[in-house]
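J.: For reference, the structure I am asking about is given below.
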């Protein structure tokens, strides 16, 4: 059942007031939802202050680090945002999907292909069905000069270009000595030159 018109609009501010009251009364762990409400209401600096203060008290709150990184990205402070995501992966949650997504996308945008590949591999291990992942993997492969083949395996653009049909020469090719056998190779090469 939906709230009557007028009440529905009041819910976010009622929730905001209730969260503020509880936060002020000592429930400091509510800093993430309170900061998120402030951000949604356009009070970015208040949101930033809440997140930074909350994370000083609750430094292991993963959702707080994700919210702080997102807010800093929204404010155009990308290097700081990416730093928070890296710290999150290294120190608290090495499987954090928002951090892996953000870092993979940023690495691709900056042309850091090895780094992007590493983040995309980790992302694939966590959520192989994510359609955004497939798009970014294809973008990475294209930037590397390749594409994704069956099963998501990367192939280079030159694979298959040198494939030839041996036809009647197949028997001779298979009987030829290996280059690893130097004497047999030299003898076969000398024989071909004299033909």
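The values are calculated or read from the model by the stated rules, or taken from the named source; none is laboratory data. This one's a predicted model, so the numbers in the text were calculated from it and none came from an experiment. Methodologically, a virtual Cβ is constructed for each residue, glycine included, from the backbone with ideal geometry; neighbour enumeration extends over all protein chains shown.
J.: State all residues of region 37-54 that are outside any helix (DSSP H, G or I) and exposed (fewer than 14 other Cβ atoms within 10 Å of the Cβ); if no residue qualifies, say none. Please lay out each step first, then the result.
T.: In the first step, residues of region 37-54 are kept if they are outside any helix (DSSP H, G or I); the result is 41-43.
Within region 37-54, 41, 42 qualify.
J.: Return yes or no: is residue 116 touching a helix residue (DSSP H, G or I) at 6+ places or on another chain (Cβ under 7 Å) and either in contact (Cβ under 8 Å) with a residue 40 or more places away in the chain or under 26 Å from residue 40 (Cβ atoms) (or both)? Break it down stepwise before answering.
T.: Working: touching a helix residue (DSSP H, G or I) at 6+ places or on another chain (Cβ under 7 Å): yes; either in contact (Cβ under 8 Å) with a residue 40 or more places away in the chain or under 26 Å from residue 40 (Cβ atoms) (or both): no.
Here the answer is no, as residue 116 does not meet what is asked.
J.: Next question. Scan region 17-45 residue by residue and report those that are over 29 Å from the mean Cα position of the chain (by Cα) and modelled with pLDDT of 65 or more. Talk me through it step by step, then tell me what you get.
T.: Of all residues in region 17-45, those over 29 Å from the mean Cα position of the chain (by Cα) come to 17-28.
17, 20, 21 - these are the residues of region 17-45 that are over 29 Å from the mean Cα position of the chain (by Cα) and modelled with pLDDT of 65 or more.
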